[in-house]
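Before any comments, here is the structure.
The values are calculated or read from the model by the stated rules, or taken from the named source; none is laboratory data. Every value quoted in this text rests on a predicted model; they were computed, and no experiment measured them. So basically every Cβ, Gly included, is an ideal-geometry build from the backbone, and we count neighbours across all protein chains shown.
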């Protein structure tokens with residue numbers, strides 16, 4: 001693993017999810033670099049234990065390390081001067097899928113909060129809800145006439161890195177901040193699972 005504050009944050013979030021007993025979706029994790037702009041993006045998905053594959057309820061997390069954060073981090077690394085705090089742009093999508101009926105937006109909005117808990121002094125804000133309809137291709141599989149539904153609630157926010165975290169990625173600040181985030185995501189997924197929504201049979205298409 002690279003010795004970089006961005007990868008330190010990734011490790012801290014992974015530890016937080018494992019402590020919250022969430023299961024990582026191994027094939028849903030990606031680390032990408034934008035060769036034109038210089039941004040780094042890390043994506044991963046975690047679900048509740050026993051949800052199966054694919055899970056019916058899970059969280060998809062995206063961390064973006066923009067080029068301006070890298071420039072601020074490099075300035076500190078070279079000159080030990082932090083004129084602007086580097087930040088990670090965060091997006092968390094809570095997804096419910098394989099539904100047999102269209103989801104009720106009001107019910108979902110009433111279940112999930114408008115903001116996350118404080119993560120390093122800032123909160124993620126609920127950005128909206130998206131509903132989805134997937135029609136089965138009966139020409140390919142005539143034995144699967146199901147139409148499935150899904151819904152996503154998106155949260156967005158910025159995590160500014162404290163100077164002590166930039167200077168020493170082994171300090172406990174990242175673990176403390178993302179530990180709160182891991183517990184909140186786990187609790188919110190449990191609330192969505194308690195809604196008694198109508199799901200397709202396990203052999204239905206998502």
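Okay, here's what the table says:
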read-out: Some residue of the stretch 131-140 being outside any strand (DSSP E or B), at pLDDT 90 or above and surrounded by fewer than 13 Cβ atoms within 10 Å (Cβ to Cβ); value: no
read-out: Residues within the stretch 83-106 that are loosely packed, with under 13 Cβ neighbours inside 10 Å and either in contact (Cβ under 8 Å) with a residue 40 or more places away in the chain or assigned to a strand (DSSP E or B) (or both), tallied; value: 1
read-out: Qualifying positions in the stretch 36-47 - surrounded by 15 or more Cβ atoms within 10 Å (Cβ to Cβ) and in contact with a helix residue (DSSP H, G or I) (Cβ under 9 Å, 6 or more places away or on another chain); value: 39, 40, 42, 43, 44, 45, 46, 47
read-out: Residue check, residue 120 in contact with a helix residue (DSSP H, G or I) (Cβ under 6 Å, 6 or more places away or on another chain) and surrounded by 16 or more Cβ atoms within 10 Å (Cβ to Cβ); value: yes
read-out: Among the residues listed as 30, 60, the single one being touching a strand residue (DSSP E or B) at 6+ places or on another chain (Cβ under 6 Å) and exposed (fewer than 15 other Cβ atoms within 10 Å of the Cβ); value: 30
read-out: Residue among 75, 70 that is farther than 24 Å from residue 112 by Cα, out of contact with any helix residue (DSSP H, G or I) (no Cβ under 8 Å at 6 or more places or on another chain) and either touching a residue at least 24 places away in the same chain (Cβ under 8 Å) or in a strand (DSSP E or B) (or both); value: 70
read-out: Hits in the stretch 1-36 (condition: closer than 16 Å to residue 173 by Cα and assigned to a loop (DSSP other than H, G, I, E, B)); value: 4
read-out: Failed item in (1) out of contact with any strand residue (DSSP E or B) (no Cβ under 7 Å at 6 or more places or on another chain); (2) in a strand (DSSP E or B), with residue 43 passing the rest; value: (1)
read-out: Number of positions in the stretch 5-35 that are touching a helix residue (DSSP H, G or I) at 6+ places or on another chain (Cβ under 6 Å) and closer than 23 Å to residue 152 by Cβ; value: 5
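So that you can scan it fast, the table gives a plain yes or no per residue for (1) under 14 Å from the mean Cα position of the chain (by Cα); (2) more than 22 Å from residue 165 (Cα to Cα); (3) in contact (Cβ under 8 Å) with a residue 60 or more places away in the chain; (4) surrounded by fewer than 20 Cβ atoms within 10 Å (Cβ to Cβ):
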position: 24; (1), (2), (3), (4): yes, yes, no, yes
position: 34; (1), (2), (3), (4): no, yes, no, yes
position: 49; (1), (2), (3), (4): no, yes, no, yes
position: 56; (1), (2), (3), (4): no, yes, yes, no
position: 66; (1), (2), (3), (4): no, no, no, yes
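Condition check ((1) modelled with pLDDT of 90 or more; (2) closer than 16 Å to residue 63 by Cα) across all residues:
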position: 118; (1), (2): yes, no
position: 143; (1), (2): no, no
position: 147; (1), (2): no, no
position: 162; (1), (2): no, no
position: 169; (1), (2): no, no
position: 174; (1), (2): no, yes
position: 181; (1), (2): yes, yes
position: 184; (1), (2): yes, no
position: 197; (1), (2): yes, no
